[in-house]
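Read-outs: derived from the displayed coordinates by stated rules, not from any lab. Source: prediction; values computed, not measured. No Cβ is skipped: glycine too gets one built from the backbone with ideal geometry, and neighbour counts run over all protein chains shown.
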Amino acid sequence: MIVAVILSACDKVGLLPHFANGTAVTLTSSVSTVKPTVADSTNTVITFSWTNPHYATDSATQKFVLLLDSTGRNFSKAVSYTITGALNKGIKGRDLNNILLNFGFALGSPYVLDAKVLSSYGNNNEQYVSNVLQITVSAFNDSSTLKSTNSSVSLSLANAGQLANTFNWSASFKGYTGNITYSIQYDSAGKKFVSPTTIAVGNNILTLAMLQSDMNTSAIGSGIAAGSTGSVEYRVKAVTANGAVSYSNAVVVSIKSYLTALYLVGGDSPAGWDPTKSTPMIADPRFPGTFYCYATLTPGNYGIKFVTSQDGSWPPPVYGDANSNGTSGTLTSSGGGNNIIEPSAGIYRVTADLVNNKYYLQTGAIGGVGLVGDFQGWSPAGAIKMANPAPNYFVEITNMTNGNGFKFHDGNDWTNSTVLLSRWYALNNDGSVDPTGNAGNFTWTGATGPVRAIFDYTNIKTPKYSLSPAAGMWVIGSAAGAGTWSPTDPTLPALTYKGNGVWSGSVTVTTGQIKFIVLQDANHGWDFNYGGAGGMLSVGGANISVTAGTYTITVNEYTGTYTIK
């Protein structure tokens, strides 16, 4: 067998072509300082150009990366643009602005940017770095445009919970990628927001709906008198995540406000005719536009009125009786009205209904606050009426059994559907007082025996109560006992309960200061104490100064007084 072998020859290939290295590019810019405005948002404000690196390839495939960063950071937080083929890159005003904002630059202030270009083949081989160019730049204010649904609003307390106005605005710093926190600021028109009040809105939210109560707050806070009309300016404040701040245009809204505060004044009231000492009235949470308070009224000094300010100047509106006899029950602010005359002395619930222009003076069955609970059969008609030593403040010492529940109640039944009927107060889960009466009972958790119950609405925003054992009262201070101010001092002089809220005793003191405590306990001895001045008691009040001697000290919790003689 013959095997044929065929040999073929190969052609020799010549040397492969050699591509020369490129060269580093030189970077230049069209300007050395850039201070754009919002009008330049879509205009090219700076162009970066660089020389050809002359890579041995099609120039259309050459790759360039333009890097920009705040100077001194060695491009550690640089913004980059990737360009293929072209030897320049233009940047528009808004794009540059957003770069500066993301760097945390303040608006309008000059900063220096570093710029450089990385050049390479399309596959990133043969990378070279250009020179570093420095550019002075400033960020501009790219603010929101604010609009208001209404240019004027007329408000009323009866409609406080209804929508009054809506503000809408465009986004600030368009194109900015971080969070922008918005708020609404307001001030009296013409004050140029020298001292504005701020309402927080939130991140990236472009609207704010305001209730009548909200608009009224801004009106009163801007100096518009209650019941009057005035103008309030609003604007949007926008803050970027890096701290740049922008303010929108101002929008003016004319607002007719309503009363949020009312005070009892008059010769027959505890304040006399001094508005600076007038009694704050409670805004009824169930009947908007109604205000009430508890006070002892004593006829003979020309009655009472209602004022809207405690500044002493009697600014309008002032409310009185529409009839000259002062007993019609109809309110008017015309000329300040006539003095209102109560029929007799007593502890009153005084009510002013501004929605219906009525007032009510109630004493007896409905009037002062009492205790209704387990210890008296839950009968409002048989309530243990409390003493009223000061307006909106009641105290009573009565026997309770551990676990007894009760409510503070000012009427004679469990009906509270109108402003004329009973009101009662309950205990919220957080320990606060519920003025609507819908929450749970108060409960005495101490030992069975006499208990001091206090209902305190002197702060009309935050009613409170106190329950403490009424087994004793002691004189404490630098002038009493060992002078240590320690509730557990066994040498503290004791006062004896005489009934009807009166404690009394013969006490020897040194020159110094004293107070009165009701519990000798290391942890709770100061939970409740009396101080005072000029013979008038006050809970937690000032130290009382005494000189050395032996005195009969009498404390009357029901009248809120003390004597040392």
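Taking θ as phi - 60°, what are the ³J(HN,Hα) couplings along the range 189-201 by the Karplus curve (6.51, -1.76, 1.60), each to the nearest whole Hz, with x for Gly and Pro?
4, x, 8, 6, 6, 5, 9, x, 9, 10, 10, 5, 10
Evaluate the chain: find the radius of gyration of its Cα atoms, find its Kirkwood radius, and give the ratio Rg to Rh.
1.28
Can you list residues whose amide H is under 5 Å from THR561's amide H, if they're 5+ apart or on another chain and H is modeled 1.01 Å from N?
HN-HN under 5 Å from THR561: LEU537, ASN556.
What ranking of ILE199, ILE224, ILE514 emerges when the number of other C-beta atoms within 10 Å of each C-beta is taken as an exposure proxy, fewest first? Mind showing how you got there, number by number?
Working: ILE199 18, ILE224 21, ILE514 24.
In increasing order of surrounding Cβ atoms, one gets ILE199, ILE224, ILE514.
Mind checking which aspartates and glutamates have their Cα closer than 15 Å to the Cα of LYS35? Skip sequence neighbours fewer than 8 apart in that chain.
ASP95, ASP142
Please give me, ordered by residue number, the trypsin sites (Lys or Arg not before Pro) of the range 366-466 that lie in loop per DSSP and have at most 15 other Cβ atoms within 10 Å.
Sparse-neighbourhood loop trypsin sites (Lys or Arg not before Pro): LYS461.
How large is the charge dipole for the chain, taken about the Cα centre, if only the Cβ atoms of Lys, Arg (+1) and Asp, Glu (-1) carry charge, to the nearest 20 debye? Don't jump to the answer; show the numbers that get you there.
Values: 30 positive and 29 negative charges, 196 e Å.
Computed about the Cα centre, the dipole is about 940 debye.
Measure of size requested: the Rg and Dmax of the range 146-256, with Cα atoms as the atom set and Å as the unit; please supply both.
Final numbers for Rg and Dmax: 14.2, 45 Å.
Under 16 Å Cα to Cα from LYS498, which aspartates and glutamates show up? Leave out anything in the same chain fewer than 8 places away.
Within reach: GLU396, GLU557.
Using the Karplus curve 6.51 cos²θ - 1.76 cosθ + 1.60 with θ = phi - 60°, what ³J(HN,Hα) values do you get for each residue of the range 150-164, in whole Hz, with x for Gly and Pro?
Listing the rounded values in order: 10, 8, 8, 9, 10, 10, 8, 5, 5, 10, 4, x, 8, 5, 10 Hz.
Name the shape class, rounded, prolate or oblate, that the alpha-carbon gyration tensor gives for the range 264-363, where a ≥ b ≥ c are the square roots of its eigenvalues, rounded holds for a/c under 1.5, and otherwise prolate holds if a/b is larger than b/c and oblate otherwise.
Rounded, since a/c falls under 1.5.
Structure shown: which of LYS277/LYS358; LYS461/LYS515; LYS305/LYS565 lie over 26 Å apart, alpha-carbon to alpha-carbon? Don't skip to the end; give the middle numbers.
Values: LYS277/LYS358 24 Å; LYS461/LYS515 28 Å; LYS305/LYS565 38 Å.
LYS461/LYS515; LYS305/LYS565, as the Cα separations exceed 26 Å there.
Along the charge dipole of the range 339-485, pointing to its positive end and built from +1/-1 on Cβ of Lys, Arg, Asp and Glu, which listed residue (ALA480, TRP424, THR401) has its Cα farthest out?
ALA480
Taking amide hydrogens as modeled 1.01 Å from N in the peptide plane, which residues meet the under 5 Å criterion relative to ALA139, leaving out close sequence neighbours?
GLY108, SER109
Per residue of the range 227-242, what does 6.51 cos²θ - 1.76 cosθ + 1.60 with θ = phi - 60° give for ³J(HN,Hα)? Whole Hz please, x for Gly and Pro, Karplus curve as stated.
Residue by residue, the range 227-242 yields x, 10, 10, x, 10, 10, 9, 10, 8, 9, 10, 10, 10, 6, 4, 9 Hz.
Which order results if ASP58, ASP187 are arranged by neighbouring Cβ count within 10 Å, fewest first? Mind showing how you got there, number by number?
On the way: ASP58 9, ASP187 21.
Taking fewest neighbouring Cβ atoms as first place, the list is ASP58, ASP187.
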